Amino acid sequence: MVIYEGKAVFEGVAIGKLSVYKKSEQMVKREKITDVEAEINRYADAREVTIKQLQDLYDKAVKEVGESNAEIFEAHQLMVDDLDYIDSVENIIRTQEVNAEYAVAQTGDNFEKMFLDMEDEYFKGRAADIKDITERIITVLSGGGNSGISTDEPVIVIADDLAPSETVQMDKDKILSFVTVHGSANSHTSILAKTMNIPAIIGCDIPLDDELNGKMAVVDGFEGKVYVDPDEEVLAKKTELLNEELEKKKLLEQLKGKDNVTLDGQHINIYANIGNTKDLALVLENDAGGIGLFRSEFIYLESDDYPTEEHQFAIYRQVAESMAGKKVIIRTLDIGADKQADYFNLPKEENPAMGMRAIRICLTQPEIFKTQLRAILRASAFGKISIMFPMIISVDEVKKIKVIVEEVKQELDSLGLKYDKDIELGIMIETPAAVMMAEELAEEVDFFSIGTNDLTQYTLAIDRQNQTLDDFYDSHHPGLMKMLKMVVDGAHKGGAWAGICGELGSDLTLTKEFLAMGFDELSVSPSRVLPLRKIVLETNVSEYKAQK
Ligand code: PEP
Ligand code: MG
């Protein structure tokens, strides 16, 4: 047994096999090539290696799980050799003069969609196989020996660090836990772990050796330790802990359907944060009252080019419809800083966190902004949508945004397209400038939601991505607490409601304080909704205030 240590960013216990995630194996970039024939040959060679890998897997599986269970690897070999698939890849390489990785990824996407659209359940099921072989070929093409986290059973992912654009591509059902060598407590990996309700450890001294692939391990997200090849005693202890955790979750289940009201009658809305439509099930499962933050930029991160109005409309509509009249706050794109999409062609910056990001991109390139606004407004005819704008620093910006929103509404009117004419508009409070202008800003909008992740970063002058500064990152800094109170008071004076959608909103040690400050809403990772409700139900706000 070997024990590695790191910093736990989300509690819980995971027991399973390790999977070493290698960056280069997952990123597919579109690159122009000059020698088409050489690229096609490279693809042919990769097919050969892939088939050999699958044959090895087949042989191994026959020994381990029997012939009928191993058959899948034979079927995959046939798929790699499928003539339609090969024709499509070669055609993309020839006509677009692009690299084989990109052509395979495009073909895989198209075939996967085609299978998913079929009526027959059997063929629908083949979409997952297409995805599997596509990833395998890409991994071979990009020189990787191991196919990332493509696995049949859920695994503990160990990686150097994970960018949002990488985690977004992962099959979430296959992940038991994240363990990263780098990464910070406020990074999107830890946010994702919270959303998925799985333990996560960052800054771990674990080596990223291929040898670790497939080894049994225990991740303890309470003590921040990873036990590789755990001995019987550890395994027994941790299994018991895992069962206790499951038991606690069951108890929280009983809180579903209850109103979020304190012992002395104060009410607060508890909403959930999501990054994509796959998180919707978690929102409903955890009984959130609405969606307080839909990080729409993930739609942009998943795409190779600007997502179209129709594509976005379909997603926003699905979210609005699934929430069936409950509030859905869609944040307009927050690209830049730690969330980069190549096709935006943003110039390299010395200080990306303080650079061209979020609303600044939207105000500089209004066409991108308007496409998104049209999609959101059109979807507002199908549910209860609100729009929220990130990284605001001034009243002037909000006025400019409102002019653009009006223009888009008029366009929709002239086309006879329906939307919610009274759609709520709100802003994120993530900059000290916005805090200081809270009252004036509140007069312009319907609501505020405090992005404490960025507000803390900009207030304490601490890069939220920089792991070495975690010791200085005091999320309870009294200066920050004063700011939160200023924002609630400013909001209420100016006639707006106020919530928190940054990670601090789910800090259960502050729930009573947030209630005392008078927050109207807290939006947290879906898995935190019920633990938060539990504290609200147990709190007497007037007593708490009197004791302070
Ligand atoms: C925040 O800054 O607190 C926030 C919610 O936005 P993000 O984490 O996506 O930057
Ligand atoms: Mg933010």
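The values are calculated or read from the model by the stated rules, or taken from the named source; none is laboratory data. For clarity, every value in this text was computed on a predicted model and none was experimentally measured. Here the Cβ is made from the backbone with ideal geometry for all residues, glycine too, and neighbour counts use every protein chain on show. Accessible surface areas use protein heavy atoms only, side chains included; no ligands, DNA or RNA. Shrake-Rupley method; radii C 1.70, N 1.55, O 1.52, S 1.80 Å.
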Conditions (1) outside any strand (DSSP E or B); (2) modelled with pLDDT of 90 or more; number of the one not met by residue 136: (2)
Selection status of residue 295, of a type outside the set (A, V, I, L, M, F, W, C), modelled with pLDDT of 95 or more and open to solvent by 50 Å² or more (accessible area, probe 1.4 Å): no
When residues of region 321-350 are limited to those that are at pLDDT 95 or above and of a type in the set (A, V, I, L, M), the one surrounded by the most Cβ atoms within 10 Å (Cβ to Cβ): 333
Filter result for residue 130 (over 26 Å from the mean Cα position of the chain (by Cα), buried (at least 20 other Cβ atoms within 10 Å of the Cβ) and either assigned to a helix (DSSP H, G or I) or not acidic (Asp, Glu) (or both)): no
Check on residue 121, over 30 Å from residue 203 (Cα atoms), at pLDDT below 80 and surrounded by fewer than 18 Cβ atoms within 10 Å (Cβ to Cβ): yes
Single residue of 142, 147 found to be under 20 Å from residue 34 (Cα atoms) and at pLDDT below 85: 142
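The rows are residues; the columns are (1) modelled with pLDDT of 90 or more; (2) touching a strand residue (DSSP E or B) at 6+ places or on another chain (Cβ under 8 Å); (3) under 30 Å from residue 320 (Cα atoms).
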{"position": "196", "(1), (2), (3)": "no, yes, yes"}
{"position": "203", "(1), (2), (3)": "yes, yes, no"}
{"position": "208", "(1), (2), (3)": "yes, yes, no"}
{"position": "213", "(1), (2), (3)": "yes, yes, no"}
{"position": "218", "(1), (2), (3)": "yes, yes, no"}
{"position": "235", "(1), (2), (3)": "yes, yes, no"}
{"position": "266", "(1), (2), (3)": "yes, no, yes"}
{"position": "275", "(1), (2), (3)": "yes, yes, yes"}
{"position": "286", "(1), (2), (3)": "yes, yes, yes"}
Test: residue in region 336-349 that is part of a strand (DSSP E or B), touching a Gly at 6+ places or on another chain (Cβ under 6 Å) and assigned by TED's automatic domain parsing to the domain that holds residue 406: no
Region 237-250, subset among the charged types (D, E, K, R) and closer than 13 Å to residue 14 by Cβ, residue most open to solvent (accessible area, probe 1.4 Å): 245
Counted residues, region 268-279 - those being away from ligand 1 (no atom under 13 Å from the Cβ) and open to solvent by less than 10 Å² (accessible area, probe 1.4 Å): 2
Qualifying residue in region 461-479 (condition: without any contact (Cβ under 8 Å) to a residue 60 or more places away in the chain, in the same structural domain as residue 327 (by TED's automatic domain parsing), touching a strand residue (DSSP E or B) at 6+ places or on another chain (Cβ under 7 Å) and more than 16 Å from ligand 2 (Cβ to nearest atom)): no
Residue match in region 441-457 (condition: away from ligand 1 (no atom under 16 Å from the Cβ), surrounded by fewer than 17 Cβ atoms within 10 Å (Cβ to Cβ) and assigned to a helix (DSSP H, G or I)): no
Residue list for region 295-339, filter: hydrophobic (A, V, I, L, M, F, W, C), more than 15 Å from the chain's Cα centre (by Cα) and within 16 Å of ligand 2 (Cβ to nearest atom): 329, 337
Residues satisfying the stated conditions in region 507-522, i.e. within 16 Å of ligand 1 (Cβ to nearest atom), of a type outside the set (A, V, I, L, M) and open to solvent by less than 10 Å² (accessible area, probe 1.4 Å): 514, 519, 521
Any pair with Cβ under 6 angstrom, 6 or more apart, that starts in region 437-458 at a residue that is β-branched (Val, Ile, Thr) and ends at one that is more than 16 Å from ligand 2 (Cβ to nearest atom): 445/425; 445/496
In region 404-428, the residues that are free of Cβ contacts under 8 Å to residues at least 60 places away in the same chain, outside any helix (DSSP H, G or I) and either open to solvent by less than 20 Å² (accessible area, probe 1.4 Å) or within 16 Å of ligand 1 (Cβ to nearest atom) (or both): 423, 427
So residue 489, is it in contact with a Gly (Cβ under 6 Å, 6 or more places away or on another chain) and either within 12 Å of ligand 1 (Cβ to nearest atom) or assigned by TED's automatic domain parsing to the domain that holds residue 535 (or both): no
Checking residue 481 against (1) within 16 Å of ligand 1 (Cβ to nearest atom); (2) part of a helix (DSSP H, G or I); (3) surrounded by 17 or more Cβ atoms within 10 Å (Cβ to Cβ), the condition it does not meet: (3)
Selected residue (only one of 234, 283, 219 is surrounded by 14 or more Cβ atoms within 10 Å (Cβ to Cβ), assigned by TED's automatic domain parsing to the domain that holds residue 156 and assigned to a helix (DSSP H, G or I)): 234
Single residue of region 353-371 satisfying the filter (within 16 Å of ligand 1 (Cβ to nearest atom) and assigned to a helix (DSSP H, G or I)) that is most open to solvent (accessible area, probe 1.4 Å): 354
Residue among 392, 385 that is away from ligand 2 (no atom under 16 Å from the Cβ) and under 25 Å from the mean Cα position of the chain (by Cα): 385
For residue 376: the one exception among (1) touching a residue at least 40 places away in the same chain (Cβ under 8 Å); (2) assigned to a helix (DSSP H, G or I); (3) within 16 Å of ligand 1 (Cβ to nearest atom): (3)
